[in-house]
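Note sheet for the following structure.
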Amino acid sequence: MTARMIQLACMYGRYGYRQITRMLRWEGWRVSYKRIERLWRVAGLKVPQKQPKRRRLWLNDGSCIRLRPEKPNHVWSYDFVAERTTDTRAFRILTVIDEFTHECLALPVARKFRAHDIQGIMSELFLERGVPDYIRSDNGPEFVAKELKDWLPKVGVKTAYIEPGSPWENGYNESFNGKLRFELLDGEIFDTLWEARVILERWRKEYNTRRPHSSLGGLPPAPEAWILEPKTKPMPWLGLTNPVYSVT
């Protein structure tokens, strides 16, 4: 019953414990308001006083849904993080993530990114990982450039722009950017762009393959797979029946 109470509270975020009690009763649970109120407090549930407005995804049939990731390659998101080298010159990091798997797909670095730069980066990712259904982003000039907006539909990608001034609508990427800042950028000094690229790519691989994620049950998004490959084929006529294996 407690699990069902929490599930209903997540589904109906503006309902209090009294409304949830009524819904539980409709489902056949014989329970009082006071008991649900006690379980509500133990679970730490609370109806927020203010709730940020969110944009819905409107469909052709007139219905609408919240755009939430449902499978790998369903929703990607990208954003920028700013940093500086020791000569005080600014550079930018493009963070691209798969919202369903939480995997960081790319961390390219450059002094400036233009629309055609982003198009080239995304083209390589599409070839490597497939084309996502949606790409979520803010309304930065690079993301809303006509060149990029015309190209994405041609390859089968729908754009999902967040409301201006509402970064919480891009929560997956904002959360990732915070981890990137806290775990890496706040503790590193970059002398050159080349150094930044090497360190960021190394961190990206560790983030994907080794870093535990609480939202994934303590597992990394893409854990390493160990494959044994024979260095040489067995040659019985030479007495080599046990090939030597290497780990890749």
Hits in segment 160-175 (condition: at pLDDT 85 or above and either hydrophobic (A, V, I, L, M, F, W, C) or in contact with a helix residue (DSSP H, G or I) (Cβ under 7 Å, 6 or more places away or on another chain) (or both))
174
Against the definition (touching a strand residue (DSSP E or B) at 6+ places or on another chain (Cβ under 9 Å), touching a residue at least 12 places away in the same chain (Cβ under 8 Å) and hydroxyl-bearing (Ser, Thr, Tyr)), how does residue 215 come out, yes or no?
no
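Would you mention how many residues in segment 135-149 are assigned to a helix (DSSP H, G or I) and under 14 Å from residue 120 (Cα atoms)?
The total comes to 3.
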Just name the residue that is nearest to residue 205 (Cα to Cα) out of those in segment 79-136 that are among the hydroxyl-bearing types (Ser, Thr, Tyr) and surrounded by fewer than 16 Cβ atoms within 10 Å (Cβ to Cβ).
123
Regarding residue 190, is this residue within 14 Å of residue 77 (Cβ to Cβ), assigned to a loop (DSSP other than H, G, I, E, B) and in contact (Cβ under 8 Å) with a residue 12 or more places away in the chain?
no
Only one of these is in a helix (DSSP H, G or I), assigned by TED's automatic domain parsing to the domain that holds residue 88 and not aliphatic (A, V, I, L, M): 174, 163. Name it.
174
The lone condition residue 147 fails out of (1) surrounded by fewer than 14 Cβ atoms within 10 Å (Cβ to Cβ); (2) at pLDDT below 85 is (2)
Is segment 128-137 home to any residue that is free of Cβ contacts under 8 Å to residues at least 12 places away in the same chain and assigned by TED's automatic domain parsing to the domain that holds residue 209?
yes
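The values are calculated or read from the model by the stated rules, or taken from the named source; none is laboratory data. Fair warning: this is a prediction, and the values are worked out from it, not measured in the lab. Please note: Cβ atoms are built from the backbone with ideal geometry, for glycine as well, and neighbour counts cover all protein chains shown.
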